[in-house]
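Reviewing the structure listed below.
What follows draws every value from the coordinates through simple rules; no lab data is involved. Keep in mind it's a predicted model, so treat the numbers as computed, not measured. Glycine also receives a Cβ, built like all others from the backbone with ideal geometry; neighbour counts cover every protein chain displayed.
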Amino acid sequence: MDSNYLEIKKWCNERKVNLVAISKTHPVESITLLYKEGQRMFGENKVQEIMMKECQLPPDVQWHLVGHLQSNKVKFIAPFISLIHSVDSLKLLQEINKQALKNSRIQNVLLQVFIADENTKFGLSKEECFSLFENKETAKLKNIRIEGLMGMATNSDDEKKVRKEFKGLKKMFDTIAKKYASDNIEMKTLSMGMSSDYKIAVEEGSNMVRLGSVIFGERKAPITSL
């Protein structure tokens, strides 16, 4: 564990920002160190890795899936996942709803919106996102709860560009929160900001940050996915 953790945790607490410690590629031992310091939210981007770790750690750990999720893998995490950040289609929402129903759960999710000037990021366009909220099929999904949006800014040293992308997502979040409210939509979480840009993200309205390298140090070798 990097000594930055306690300082960052204090910084987040002062601003009422939820900290998700991105533990992907890091061992259970590293997660346990943060757990002993009171950290409960941990994020992984691969289904196999999150399954391997979940069974080795206490049941009160809140697991977040932050990476791209394929529909055929939802069933593996449906029994325990706390929040899925990376929903980018109605098809995926429907599968999450199906598996949540099987597990007698209401699954909290975020819609991932593509805000970066890059071709490597997943996510809904602004138009696709609003269309999903307007779609009558979304209202039929009784075992999911859309609780907000997630976005990743361009990996850039251009602060103005990064700030503009975060500002745009916050504006979109506010619009959706005012316009759409139902049994399965409760907009309360805006997940923006990673190790390189989380302070900018919080300044622009984020209330959940996803931090890995500034807490755990550099990534280890990846674990093969399912």
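Here are the numbers for the structure shown:
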| read-out | value |
| --- | --- |
| Lys98 versus Asp117: modelled label distance in nm, points set 7 Å from Cα along the beta carbon direction | 4.0 |
| Debye-sum result for the chain in log10 I(q)/I(0), which assumes one identical scatterer on each alpha carbon, at q = 0.09 Å⁻¹ | -0.34 |
| Ile115 long-range amide H proximity, modeled H, under 5 Å | Met152 |
| HN-Hα J in Hz across region 47-57 - Karplus 6.51, -1.76, 1.60, θ = phi - 60°, x for Gly and Pro | 4, 4, 5, 5, 5, 4, 7, 4, 6, 9, 10 |
| Surrounding net charge for Ser71, when Lys and Arg each add one and Asp and Glu each subtract one, Cβ distance under 10 Å | +3 |
| Footprinting exposure proxy for Arg210, Arg105, Arg145 (fewest neighbouring C-beta atoms within 10 Å first) | Arg105, Arg145, Arg210 |
| Pairwise label distance in nanometres, Trp11 with Lys160, each label 7 Å out on the Cα-Cβ vector | 2.5 |
| Stretchable slack from Glu37 to Lys199, in nm (0.36 nm times residue separation minus alpha-carbon distance) | 56.1 nm |
| Relative contact order, percent, the chain [alpha-carbon distance under 8 Å, six or more residues apart] | 23 |
| Euclidean distance of C-alpha centroids, region 1-66 and region 124-166, integer Å | 24 |
